[in-house]
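Novice: After the structure tokens below, expect a handful of questions from me.
A short reminder: the numbers here are calculations on the coordinates, not readings from a lab. Since this is a predicted model, take the numbers as computed values, not measurements. Here Cβ is always computed from backbone atoms with ideal geometry, including for glycine, and neighbour counts include all displayed protein chains.
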Amino acid sequence: MVKKILSGSYITLVLFLLYAPILLLFVYSFNMSREIGIWSPDWGFDLYVKLWNNADLMETVVNTLVLALVAGFISTVLGTMGAIGIYYSNHRVNKAMNELTKIPMINAEVVTAISIALICTMFGFGRSYASLLIGHVVLTIPFVVLSVIPKLKQMDNNLYEAVLDLGATPTKAIFLIVIPEILPGIISGFLLAINISLDDYIITSFTKPSTFKTISTYVYDAYAKGGKSSSVPALRALFAIIFVVMIAYVVIYSFIQNRKSKREGSR
Amino acid sequence: MNGLKFSRKQLGIPYAVFLIAFVVVPLLLIILYAFTKKVPAGSETFTIAGEPVSFAVSNFSDFFSKQANIRVLFVSFGLAIITTVISLLIAYPVAYILAKSKFNKGGVLLILFILPLWINFVLRTAAMKELLYFIGMYKSNSFSFVNTLIGMVYDYLPFVIMPLYSVILKIDKSYAEASADLGAKPWKTFVSVTLPLSMPGIVSAVSMVLLPTTTSYVISDTLGNGNVTIVGKLIETQFLTMHNWHAGSTIALVLLVIIFISMFLSGKFTEEKDESAGRANLW
């Protein structure tokens, strides 16, 4: 009994510490005070209106989302093709490609960042949207490949052979059989890629054009070196929105996962 | 579809080309830059990207001869090690309780611990800064190091809880029961049975935290009030402010060697247990 209470309160304490900064910003997103800690008498949705009217910040949000979607899409297409290719290659190629795939995950982000900046300068498009995109694809593509390969392992190989026997071309067989079978892996790879791209600061700062901003670089510029929220109070509203969207997303996602596993369980 | 025929194997070609062009060749470029130096036009051995350079090892002696750089290396590794140890100490009981308890039905409670990871990393760090201001941790500059440490533990805690949780969950209950039947006290059972069995989780947690905390300078820049410099920041400064790409690449190469050695060592520990996939499983 004592053990139960102890472990319960420990879990609660750690959860509280994890959420304390988030809740603080969430609460203060409804308060107009210039600074967190000084409670202003007027509160409401003013900061959200400010966020909406802050053209610079809104452009940053759109930039971030577009970059994540485009990079995620390229990573998913290229990574899925790569995963299929790797999986059906002979043992040596398979092993070598697997090791290569892991490099960007193992490597320190700042090393990846500098290496991409070097190669893009070499090719003559250093610090452009292209180099930024390449950086994000390099960063996210291993996650796509690693979420697709397990699905390929689960797939029944006879299906592909059967369709070929029935006269389909290999190309057609891939679109007809392989892609639908591994679709869950492709989708989760895509979502992962988007999430990682949204999160990134270091590669972005090494490869982006100088005037381009993402949420990460915007917040970094506002907060690094002694800055705090008084510089841009509207960021509190942005934070609260991201938090709510993420909660909604995770709830919906786990709801779908749960239903799927229940359906598969009853089969 | 006659003009567009390809087999499954050939689908991998664009990916292989991409990896070679943007992962392998860039790493070789780092080595090239690290061992070369910008020289006045005319005395060059060759040019990279239109810049006259010649071979030199002085980049390395320049880096290691500066007292400040050595200090930064010590601060980086010190911070990373302390962060890892504190994170493990906080996370292990959490993972253990979550894995054993009944109120974590279907991992719902676990999701609560992972959820903060979905918020932008820089924003999360900024939120921590607001909290630290709120409780008065910025009244003195002497808190800079502690603030950075708090931020690092805060940001990486979910990365430690996850692998520990999944390993502890898989430990067969009968081992602990056998140990108890043979007369071991609960504490003894934990130390000599459960803890050794959760070693793979500890190793993969360490490998997920140690490196990013050594090099990812976002947290130290945001929370350290300009008083905490880690090795990743040195590369950024050389690269973005000093525009000395050769010096930047030199530090990057030093890091690469360290990463390579530590990967080799931890690979011996885990025996080809696909651990980089662990990070993919987090989300």
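Novice: May I ask you to compute the full-extension gain from B:Ile261 to B:Ser65, defined as 0.36 nm times their residue separation minus their alpha-carbon distance, rounded to one decimal in nm?
Specialist: Between B:Ile261 and B:Ser65, full extension yields 68.3 nm more.
Novice: Using a 10 Å cut-off on Cβ atoms, rank the peptides B:39-49, A:72-82 from the highest mean neighbour count down. It would help to have the intermediate numbers written out before the result.
Specialist: Working: B:39-49: 11.5, A:72-82: 23.4.
My ranking of the peptides, most packed first, is A:72-82, B:39-49.
Novice: Relative to the Cα centre, what is the charge dipole magnitude of the protein assembly as shown, using +1 at the beta carbon of each Lys and Arg, -1 at the beta carbon of each Asp and Glu, and rounding to the nearest 20 debye?
Specialist: 960 debye
Novice: Same structure, new question: Quick one: if you stick a label point 7 Å off each Cα along the C-beta vector at A:Ala162 and B:Met242, how many nm between them?
Specialist: Output for this residue pair reads 6.4 nm.
Novice: Still on this model: The range B:194-249: Rg/Rh from Cα coordinates, Kirkwood Rh?
Specialist: Dividing the radius of gyration by the Kirkwood radius yields 1.21.
Novice: Report, by chain and number, residues whose modeled amide H sits under 5 Å from the one on B:Ile48, excluding near sequence neighbours (fewer than 5 apart, same chain).
Specialist: B:Val53
Novice: Regarding the range B:52-102, what's the average projected area of the Cα-atom convex hull, expressed in nm²?
Specialist: Over every viewing direction, the Cα hull of the range B:52-102 projects on average to 6.4 nm².
Novice: So what J values fall out for the range B:24-30 if you push phi through Karplus, 6.51 cos²θ - 1.76 cosθ + 1.60 with θ = phi - 60°, rounded to Hz, Gly and Pro as x?
Specialist: 6, 4, x, 5, 5, 4, 4
Novice: For chain A, what does the helix formula give at 222 nm: sum of -39500 (n - 2.57) over DSSP H segments with n ≥ 4, over the residue count, nearest 500 deg cm²/dmol?
Specialist: -26000 deg cm²/dmol
Novice: In peptide B:86-94, how many Cβ atoms from other protein chains are near each Cβ within 10 Å, on average?
Specialist: 2
Novice: Identify, among A:Ile103, A:Thr76, A:Ile177, the residue whose Cα sits farthest towards the positive end of the charge dipole of the range A:59-231, taking +1 on the Cβ of Lys and Arg and -1 on the Cβ of Asp and Glu, with the dipole about the Cα centre.
Specialist: Checked the options; the winner is A:Ile103.
Novice: Here's something else I'd like to know. With the contact rule set at Cα under 8 Å and sequence spacing of 6 or more, what percent relative contact order holds for chain B?
Specialist: Computed value for chain B: 24 percent relative contact order.
Novice: If I build a Gaussian network model for chain A, linking alpha-carbon pairs within less than 10 angstrom, which residue out of A:Leu235, A:Leu176, A:Leu198 has the largest mean-square fluctuation?
Specialist: With Cα springs under 10 Å in chain A, the top fluctuation among A:Leu235, A:Leu176, A:Leu198 is at A:Leu176.
Novice: Please build a GNM for chain B, connecting alpha carbons under 10 Å apart, and tell me which residue among B:Val228, B:Val160, B:Val57 fluctuates the most.
Specialist: Looking only at B:Val228, B:Val160, B:Val57, the biggest GNM fluctuation is shown by B:Val57.
Novice: Amide H of B:Thr36: which non-local residues (sequence gap of 5 or more, or other chain) have their own amide H closer than 5 Å, using H built in the peptide plane?
Specialist: Result for B:Thr36 returns B:Ala56.
Novice: A further question follows. Quick one: what are the phi-derived ³J(HN,Hα) couplings along the range A:122-139, Karplus 6.51/-1.76/1.60 with θ = phi - 60°, whole Hz, x for glycine and proline?
Specialist: Each residue's phi maps through the Karplus curve to give 4, 7, x, 10, x, 6, 9, 5, 5, 5, 4, 5, 4, x, 5, 5, 4, 5 Hz.
Novice: Please give the charge dipole size of the range A:11-157, origin at the Cα centre, charges +1 on K and R Cβ atoms and -1 on D and E Cβ atoms. Round to the nearest 20 debye.
Specialist: Working: 8 positive and 8 negative charges, 134 e Å.
Once rounded to the nearest 20, the dipole reads 640 debye.
Novice: Based on C-alpha coordinates, I'd like the Rg and Dmax of the range B:67-282, in Å.
Specialist: 19.6, 66
Novice: Please grab the % of Cα pairs in the range A:10-142 that end up more than 21 Å from each other.
Specialist: Summing the P(r) tail past 21 Å for the range A:10-142 gives 65 percent.
Novice: Please turn the phi angles of the range A:241-257 into ³J(HN,Hα) values with the Karplus equation 6.51 cos²θ - 1.76 cosθ + 1.60 (θ = phi - 60°), one per residue in order, whole Hz, x for glycine and proline.
Specialist: 5, 4, 4, 5, 4, 5, 4, 4, 4, 5, 4, 4, 4, 6, 4, 5, 4
Novice: Relative contact order for chain A using alpha-carbon pairs under 8 Å, separation at least 6, rounded to a whole percent?
Specialist: 28 percent
Novice: Could I ask something else about it? Considering every residue in A:200-212, what mean count of other chain Cβ atoms within 10 Å of its Cβ is obtained?
Specialist: On the way: counts 3, 9, 8, 0, 0, 4, 5, 0, 0, 0, 0, 0, 0.
Per-residue shielding by partner chains comes out at 2.
Novice: Still on this structure: Going by amide H atoms built from the backbone, whose H comes under 5 Å of the H on A:Asn31, apart from near neighbours?
Specialist: Here A:Gly44 satisfy the definition.
Novice: Okay, moving on. Taking 8 Å as the Cα distance limit and 6 or more residues as the minimum spacing, I'd like the relative contact order of the range B:9-56 as a percentage.
Specialist: Numbers: 33 pairs, mean separation 12.9, N = 48.
Worked out over the range B:9-56, it gives 27 percent.
Novice: Any idea which of B:Val108, B:Trp187, B:Tyr92 is furthest toward the positive side of the dipole for the range B:67-282, if Lys and Arg beta-carbons carry +1 and Asp and Glu beta-carbons -1?
Specialist: So the residue furthest toward the plus end is B:Trp187.
Novice: Can you find, among B:Ile230, B:Tyr165, B:Thr213, the residue farthest towards the positive end of the dipole of the range B:153-241? Put +1 on the C-beta of Lys and Arg, -1 on that of Asp and Glu.
Specialist: Highest projection toward the positive end goes to B:Tyr165.
Novice: Take peptide B:25-33, look around each residue's Cβ out to 10 angstrom, count Cβ atoms belonging to other protein chains, and average those counts. Please report the intermediate quantities before stating the final value.
Specialist: Details: counts 4, 13, 7, 3, 8, 6, 1, 2, 3.
Average per residue, whole number: 5.
Novice: In Å and whole numbers, how far do the C-alpha atoms of the range A:59-231 stretch along each principal axis, longest first?
Specialist: Principal-axis extents of the range A:59-231 (Cα, largest first): 66, 30, 26 Å.
Novice: If you average the alpha carbon positions of the range B:222-270 and of the range B:65-120, how far apart do those two centres end up, in angstrom?
Specialist: 21 Å
Novice: Find the eigenvalues of the gyration tensor of the Cα atoms of the protein assembly as shown, then list the square roots of 5 times those eigenvalues as equivalent ellipsoid semi-axes, largest first, in whole angstrom.
Specialist: They are 35, 34, 26 Å, listed largest first.
Novice: Would you mind getting me the FRET efficiency between B:Met199 and B:Leu89? Use the beta-carbon distance for r and R0 = 22 Å, nearest 0.05.
Specialist: Calculated value: 0.90.
Novice: Another question, then. Quick one: putting +1 on the C-beta of Lys and Arg, -1 on the C-beta of Asp and Glu, what dipole do you get for the range B:67-282 around its Cα centre, in Debye to the nearest 20?
Specialist: 420 debye
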